[in-house]
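Notes for the one structure printed next.
The values are calculated or read from the model by the stated rules, or taken from the named source; none is laboratory data. Here the structure is a predicted model, which is why all the values come from computation and not from measurement. With ideal geometry, Cβ positions are generated from the backbone for all residues, glycine too; neighbour counts draw on all protein chains shown.
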Amino acid sequence: MSNIEKYNNAFIETFEITEDQLAGLKYQDIAAWDSVGHMGLIAALEDAFDIMMDTDDIIDLSSYEKGKEILAKDEYGVEF
Amino acid sequence: MTFDEILNIPPYSLGKTEKEKLLTERLAELNKLHQENCPEYRRMMEAIDFDAQKIKSYADLPYLPVRLFKELELKSVPQEDVVKTMTSSGTTGQAVSKIYLDRATSSNQQKTMVKIVSDFTGSSRMPMIIIDCPSVVKNRAMFSARGAGILGFSIFGSKKIYALDDDMKLDVEGVRNFLDQYQGQRILLFGFTFMIWQHFYKELLRLKEEGVTFDLSNGILIHGGGWKKLISEAVSHDEFHQKLKAVCGLEHIHDYYGMVEQTGCIYMECECGHLHASIFSDVIVRRPIDFSEADIGEPGIIQVVSTIPESYPGHSLLTEDEGVIEGIDDCPCGRKGKYFKINGRLKNAEIRGCSDTYATKF
């Protein structure tokens, strides 16, 4: 599975949404992405890429696009 | 002054004068913001002829009784901006406070908590044992204080396990496997004081008598929610520490004081046993007779101020707790700011706190 597929799957499976909902999706836009859902998303991303995210990055991950930016940073090194 | 500017300052780095300047500026701004955006708050300020010009220090700002949030729905943002409503813990039949959060306030609460707790635990995340049952965070539309506490601290957990099942029984095998899996690593434990005592400590003690032991000497326990019930069972702070150490080797234990009306700004207990105010908030102890500010060492009613609340007028509140300031800027742990002690609830105050409300069932 490519990294973008893994990334998308984490959102799709955690929030039970479809791929067409991903672009532009922001924290609190849908009921499933609340603070509980957020921790579920983080766990899914960490499992998918075998990484441990910093607390600051967990808080900053406020949209689908922002998450890609964060994971692409050197300490996680996920290339999309 | 924006909240982001405050977030860049290390949480225990400001001495008395600098902190007073920061709090006065930020809290006066919040006062103005809520006057402009919360009609009820504006009318309250008009009723007391509030004059911003006369405010020389944040201690001069008015304070709302904390139970007002049970009687009125106070918010400073339109309903469509509210992303989360939090409720206080209450015993059955008690009215609960409702606290309305927008995106900014909610996110600032979490950021603040991370800054404060990291100062005690370090910033790296750890395997985490939550000493509570998973159902507490199930109702997502309405957040109880207990659920919010668990969720707020969850950010420090890399992998997480709930130590209790929904009948509040210790999951012995689950905890055992978890500890085996993360052997040699620092483990974060989080829970509410009474639940830890009743469902974790007592069970560990019973198991120990059967020859089943757990080693939590690598653990760091953060707990809060009130001591009332344990005091009535004659379990003191020192005994709580000693007994937990004796039963499972747990040595690093931090109590915290906080309330849902000012989520994020928690007051953590340091290595010297003192609760500390960070730069994000403060406590002022007031004399019950005239509400003037008490001296260091003089017990009184606790007022709390927080730099966070933008979506509801909860930046300055009078609690129903009694406490005493033990010192300012000179705790041996090196953290600046006030440090204090909570003596308990005022007489005839309602029972609240995640630990204490739960404990009324026992």
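Determine whether the stretch A:61-73 contains at least one residue that is over 28 Å from residue B:81 (Cβ atoms) and over 13 Å from the mean Cα position of the chain (by Cα). Yes - at least one qualifying residue is present in the stretch A:61-73. In the list B:164, B:189, which residue meets the criterion of being more than 29 Å from residue B:334 (Cα to Cα), surrounded by 15 or more Cβ atoms within 10 Å (Cβ to Cβ) and modelled with pLDDT of 95 or more? The unique qualifying residue is B:164.
Count of the stretch B:304-342 residues, restricted to those that are of a type in the set (Phe, Trp, Tyr) and either within 20 Å of residue B:110 (Cα to Cα) or in contact with a helix residue (DSSP H, G or I) (Cβ under 6 Å, 6 or more places away or on another chain) (or both), is 1. Could you grab me the full set of residues in the stretch B:93-117 that are without any contact (Cβ under 8 Å) to a residue 24 or more places away in the chain and either under 29 Å from residue B:167 (Cα atoms) or surrounded by fewer than 18 Cβ atoms within 10 Å (Cβ to Cβ) (or both)? Across the stretch B:93-117, the qualifying residues are B:93, B:103. Looking at the stretch B:148-160, is at least one residue surrounded by fewer than 22 Cβ atoms within 10 Å (Cβ to Cβ), touching a Lys or Arg at 6+ places or on another chain (Cβ under 6 Å) and modelled with pLDDT under 95? Yes, the stretch B:148-160 contains at least one residue that is surrounded by fewer than 22 Cβ atoms within 10 Å (Cβ to Cβ), touching a Lys or Arg at 6+ places or on another chain (Cβ under 6 Å) and modelled with pLDDT under 95. Keeping to the stretch B:9-31, report how many residues are of a type in the set (S, T, N, Q) and either touching a strand residue (DSSP E or B) at 6+ places or on another chain (Cβ under 9 Å) or over 17 Å from residue B:335 (Cβ atoms) (or both). Total meeting the criteria: 2. Restricted to the stretch A:13-43, and to residues there that are modelled with pLDDT under 95, among the aliphatic types (A, V, I, L, M) and in a loop (DSSP other than H, G, I, E, B), the residue that is surrounded by the most Cβ atoms within 10 Å (Cβ to Cβ) is A:32. Only one of the numbered conditions (1) away from every other protein chain (no Cβ under 14 Å); (2) in a loop (DSSP other than H, G, I, E, B) is violated by residue A:68, and that is (2). A Cβ distance below 8 Å, combined with a sequence gap of six or more or placement on separate chains, defines the contacts here; from the stretch A:23-44, residues that are facing another protein chain (nearest Cβ under 8 Å) and free of Cβ contacts under 8 Å to residues at least 12 places away in the same chain reach residues that are buried (at least 16 other Cβ atoms within 10 Å of the Cβ) and of a type in the set (Asp, Glu) in the pairs A:28/A:34.
For the stretch B:309-330, residues that are of a type in the set (A, V, I, L, M, F, W, C) and either surrounded by 21 or more Cβ atoms within 10 Å (Cβ to Cβ) or modelled with pLDDT under 90 (or both) total 2. Restricting B:74, B:22 to residues that are closer than 16 Å to residue B:262 by Cβ, at pLDDT 95 or above and hydrophobic (A, V, I, L, M, F, W, C) narrows the list to B:74. Yes or no: the stretch B:12-26 includes at least one residue that is within 19 Å of residue B:111 (Cβ to Cβ), outside any helix (DSSP H, G or I) and among the polar types (S, T, N, Q). Checked against the condition, which is being within 19 Å of residue B:111 (Cβ to Cβ), outside any helix (DSSP H, G or I) and among the polar types (S, T, N, Q), the stretch B:12-26 yields at least one hit. Whenever a residue of the stretch A:1-12 is assigned to a loop (DSSP other than H, G, I, E, B), its partners that are exposed (fewer than 12 other Cβ atoms within 10 Å of the Cβ) and modelled with pLDDT under 95, lying with C-beta atoms within less than 9 angstrom and at least six residues away or across chains, give the pairs A:2/A:80. Among the candidates B:220, B:301, B:279, B:253, which residue alone is touching a helix residue (DSSP H, G or I) at 6+ places or on another chain (Cβ under 7 Å), modelled with pLDDT of 95 or more, among the β-branched types (Val, Ile, Thr) and closer than 30 Å to residue B:70 by Cβ? Only one candidate qualifies: B:279.
Screening the stretch B:77-180 for strands (runs of 3 or more DSSP E) wholly inside it with 1 or more residues that are more than 9 Å from chain A (Cβ to nearest Cβ), under 29 Å from residue B:205 (Cβ atoms) and touching a His at 6+ places or on another chain (Cβ under 8 Å) returns the ranges B:126-131. Among the numbered conditions (1) away from chain A (no Cβ under 12 Å); (2) in a helix (DSSP H, G or I), the only one that residue B:74 does not meet is (2). Across the stretch B:214-261, the number of residues qualifying as more than 19 Å from residue B:114 (Cα to Cα), touching a residue at least 60 places away in the same chain (Cβ under 8 Å) and surrounded by fewer than 21 Cβ atoms within 10 Å (Cβ to Cβ) comes to 2.
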